[in-house]
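> Pasting a structure below so you can have a look.
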Amino acid sequence: MSAIPRDQWYVAAYGTEIGQDLFSRTVCGEPILFWRTREGAVTAMADRCVHRRFPLSQAPSRLVDDQVVCGYHGFTYGTDGKCVAVPGQTRVPRTARLRSYPLAEQDSFVWVFIGDPEKADTAKIPRAPYLDAPGYTTVAGMEPLKARFSLLVDNLLDLSHETYLHGGYIGTPEVAETPITTEVDDEAGIVYVSRHMADAACPPFYAKSTGLQGRISRWQDIEYTPPCLYKLHSRIAPVGSVPNPDGSDPDAFHVEVVYAITPETEHSTHDFWAVARDFALDDDGVSAFLAENNRTVVLQDVEALDVLERVIATEPDGYQELSINIDTGGLAARRLLQRLVTS
Ligand code: FES
Ligand SMILES: [Fe+2]
């Protein structure tokens, strides 16, 4: 049985990736064709011609005035996926229609609904408003992962690995040393994992971007809404600084690290990452540094998880794990994911 929850919203792309040309991405095993109409709306439909399955994203298929013309024999489709012309006859078969996907463009992401379109409710899409809100500057990217998406969920829910896998970037000894607290909101379907370090070394990722030197107060508050959206609210401040009772927090630097974890297939994943900050908003040097550094960190995870996927694939009948306190968040996430698969 598939471990990928269906009837769910998944991030398929950044809005900036989709223009007035044909763009294809596979989500949960389904190849999907995207383009932006001349009016600016994004369309999403099956990337396989109903005639002989030729990919519509594949040249010489082309976009002509908001219609896609199949590059094999010329079947032509409108923005709703309906076939409007076929070669050699005037009558278009009534069933000639590409499956189209419910879609929403929000917080810089293009979300698609995988499963029964009747169940698609855009109000259920989790939010990450900082990614295109005033007061924040964001750098972002996407790395392909040759590993099942649950391995990335495990990875992101337990940040103690930063100390070992990301030493010299975001990891310091205090991350692995400090215990976490985990909470689950079963009704909303959200896992929260927090680690507050009162007095910790400042890793280069934050020292270079904030200018803070020496010891810092470092908070990591994770909020994961299965299956796709993961947010790490990161707070960096001088030791002893706490937010004001009214919520203002002028001495702190805030970084919202967002991941969208989208299965490409059962054994590969689109690893979307974004880093939004509320300081040095116009400093291109800080943007370049954070983009380069975070991509390096993501690639360290990708390399490790690609290895892990190959290793566990050799144990298809199941494998033994040994979980400890640091895994509480990951285990809670697995439970919520399992509930989504079986519900
Ligand atoms: S496969 Fe597309 S028109 Fe024949
Ligand atoms: Fe990591």
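The values are calculated or read from the model by the stated rules, or taken from the named source; none is laboratory data. These numbers come from a predicted model, not from an experiment. Neighbour counts run over all protein chains shown; Cβ positions are idealised from the backbone, glycine included.
> Across segment 1-26, what is the total count of residues that are under 21 Å from Tyr230 (Cα atoms) and modelled with pLDDT of 95 or more? First the steps, then the outcome.
Step one: of segment 1-26, the residues under 21 Å from Tyr230 (Cα atoms) are 3-17, 25-26.
When the remaining residues are screened for being modelled with pLDDT of 95 or more, the result is 4-17, 25-26.
Final tally of qualifying residues: 16.
> Among the residues of segment 45-67, is there at least one that is within 24 Å of Val341 (Cβ to Cβ), buried (at least 18 other Cβ atoms within 10 Å of the Cβ) and more than 15 Å from ligand 1 (Cβ to nearest atom)? Please lay out each step first, then the result.
The first filter runs over segment 45-67 and keeps only residues within 24 Å of Val341 (Cβ to Cβ), leaving 46.
From the residues that got through so far, the ones that are buried (at least 18 other Cβ atoms within 10 Å of the Cβ) too are 46.
Okay, now just the ones that are also more than 15 Å from ligand 1 (Cβ to nearest atom), so none.
No, segment 45-67 contains no residue that is within 24 Å of Val341 (Cβ to Cβ), buried (at least 18 other Cβ atoms within 10 Å of the Cβ) and more than 15 Å from ligand 1 (Cβ to nearest atom).
> Does Ile216 satisfy the criteria of being within 25 Å of Asp249 (Cα to Cα), in contact (Cβ under 8 Å) with a residue 24 or more places away in the chain and assigned by TED's automatic domain parsing to the domain that holds Asp251? Give the steps one after another, and end with the answer.
On the way: within 25 Å of Asp249 (Cα to Cα): yes; in contact (Cβ under 8 Å) with a residue 24 or more places away in the chain: no; assigned by TED's automatic domain parsing to the domain that holds Asp251: yes.
When the stated conditions are applied, Ile216 does not pass them.
> Tell me, yes or no, whether segment 206-216 has at least one residue that is away from ligand 1 (no atom under 16 Å from the Cβ), in a strand (DSSP E or B) and touching a strand residue (DSSP E or B) at 6+ places or on another chain (Cβ under 6 Å). I'd like the intermediate steps shown before the answer.
Narrowing segment 206-216 to residues away from ligand 1 (no atom under 16 Å from the Cβ): 206-216.
Remaining after also requiring in a strand (DSSP E or B): 215-216.
Then drop every residue that is not touching a strand residue (DSSP E or B) at 6+ places or on another chain (Cβ under 6 Å), which leaves 215-216.
So far as segment 206-216 goes, yes, one or more of its residues are away from ligand 1 (no atom under 16 Å from the Cβ), in a strand (DSSP E or B) and touching a strand residue (DSSP E or B) at 6+ places or on another chain (Cβ under 6 Å).
> Moving on to the next point. Return the residue satisfying two criteria in turn: it lies in segment 125-138 and is surrounded by 14 or more Cβ atoms within 10 Å (Cβ to Cβ) and farther than 15 Å from His233 by Cβ, and of such residues it is modelled with the lowest pLDDT.
Asp132
> If you don't mind, another one. Kindly provide the set of residues from segment 161-203 that are closer than 25 Å to Thr262 by Cβ and within 13 Å of ligand 2 (Cβ to nearest atom), ordered by number.
Listed by number, the residues that qualify are His161, Glu162, Leu165, His166, Tyr169, Ile170.
> I'm trying to understand the selection: among the residues of segment 139-161, which are among the small types (Gly, Ala, Ser) and surrounded by fewer than 20 Cβ atoms within 10 Å (Cβ to Cβ)? Break it down stepwise before answering.
Initial filter on segment 139-161 (among the small types (Gly, Ala, Ser)): 140-141, 147, 150, 160.
Ala140, Gly141, Ser150, Ser160 - these are the residues of segment 139-161 that are among the small types (Gly, Ala, Ser) and surrounded by fewer than 20 Cβ atoms within 10 Å (Cβ to Cβ).
> Condition test on Arg235, is it part of a helix (DSSP H, G or I), of a type in the set (Lys, Arg) and over 17 Å from Asp132 (Cα atoms)?
Details: part of a helix (DSSP H, G or I): no; of a type in the set (Lys, Arg): yes; over 17 Å from Asp132 (Cα atoms): yes.
No: the conditions fail for Arg235.
> Give the residue, chosen from Val153, Val193, that is assigned to a strand (DSSP E or B) and away from ligand 1 (no atom under 16 Å from the Cβ).
On the way: Val153 fails: assigned to a strand (DSSP E or B).
Selected residue: Val193, the only one of Val153, Val193 that is assigned to a strand (DSSP E or B) and away from ligand 1 (no atom under 16 Å from the Cβ).
> Condition first: touching a strand residue (DSSP E or B) at 6+ places or on another chain (Cβ under 8 Å) and closer than 27 Å to Ala13 by Cβ. Now tell me which residues in segment 152-185 satisfy that.
Of everything in segment 152-185, those that are touching a strand residue (DSSP E or B) at 6+ places or on another chain (Cβ under 8 Å) and closer than 27 Å to Ala13 by Cβ turn out to be Leu152, Val153, Leu156, Leu157, Leu159.
> Same structure again: Mind telling me which of the residues Val302, Val275, Val286, Val297 ends up being more than 16 Å from ligand 1 (Cβ to nearest atom), aliphatic (A, V, I, L, M) and not in a helix (DSSP H, G or I)? First the steps, then the outcome.
Working: Val302 fails: not in a helix (DSSP H, G or I); Val286 fails: not in a helix (DSSP H, G or I); Val297 fails: not in a helix (DSSP H, G or I).
None of the other options fit; the residue is Val275.
> Search segment 46-90 for residues being in contact with an Asp or Glu (Cβ under 8 Å, 6 or more places away or on another chain) and not in a loop (DSSP other than H, G, I, E, B), and hand back the single one that is farthest from ligand 2 (Cβ to nearest atom). First the steps, then the outcome.
Of all residues in segment 46-90, those in contact with an Asp or Glu (Cβ under 8 Å, 6 or more places away or on another chain) come to 46, 55-57, 63, 78-79.
Restricting the remaining residues to those that are not in a loop (DSSP other than H, G, I, E, B) gives 46, 63.
On the way: Ala46: 34, Leu63: 38 Å.
Restricting to residues being in contact with an Asp or Glu (Cβ under 8 Å, 6 or more places away or on another chain) and not in a loop (DSSP other than H, G, I, E, B), the top hit is Leu63.
> Looking only at residues in segment 18-29 that are touching a residue at least 60 places away in the same chain (Cβ under 8 Å) and surrounded by fewer than 19 Cβ atoms within 10 Å (Cβ to Cβ), which one is nearest to the chain's Cα centre (by Cα)? Outline the logic, then answer.
The initial filter retains those residues of segment 18-29 that are touching a residue at least 60 places away in the same chain (Cβ under 8 Å), namely 18, 25-29.
Filter again for surrounded by fewer than 19 Cβ atoms within 10 Å (Cβ to Cβ), leaving 26, 29.
Details: Thr26: 14, Gly29: 16 Å.
Top of the filtered list is Thr26.
> Considering only residues that are within 22 Å of Gln8 (Cα to Cα) and either in a loop (DSSP other than H, G, I, E, B) or among the hydroxyl-bearing types (Ser, Thr, Tyr) (or both), which ones fall in segment 126-145? Write out each step before concluding.
Pass one, segment 126-145, residues within 22 Å of Gln8 (Cα to Cα): 126-129, 131, 142-145.
Correct list: Pro126, Arg127, Ala128.
> Mind checking whether some residue in segment 224-231 is away from ligand 2 (no atom under 16 Å from the Cβ) and either surrounded by fewer than 16 Cβ atoms within 10 Å (Cβ to Cβ) or among the polar types (S, T, N, Q) (or both)? Give the steps one after another, and end with the answer.
First, pick out the residues of segment 224-231 that are away from ligand 2 (no atom under 16 Å from the Cβ): 225-229.
In the following step, the residues that additionally are either surrounded by fewer than 16 Cβ atoms within 10 Å (Cβ to Cβ) or among the polar types (S, T, N, Q) (or both) were identified as 225.
Checking segment 224-231: at least one residue is away from ligand 2 (no atom under 16 Å from the Cβ) and either surrounded by fewer than 16 Cβ atoms within 10 Å (Cβ to Cβ) or among the polar types (S, T, N, Q) (or both).
For (1) hydroxyl-bearing (Ser, Thr, Tyr); (2) touching a helix residue (DSSP H, G or I) at 6+ places or on another chain (Cβ under 9 Å); (3) under 23 Å from Thr182 (Cβ atoms), each residue gets a yes or a no:
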position	(1), (2), (3)
Phe279	no, yes, no
Arg295	no, no, no
Leu331	no, yes, yes
Val341	no, no, yes
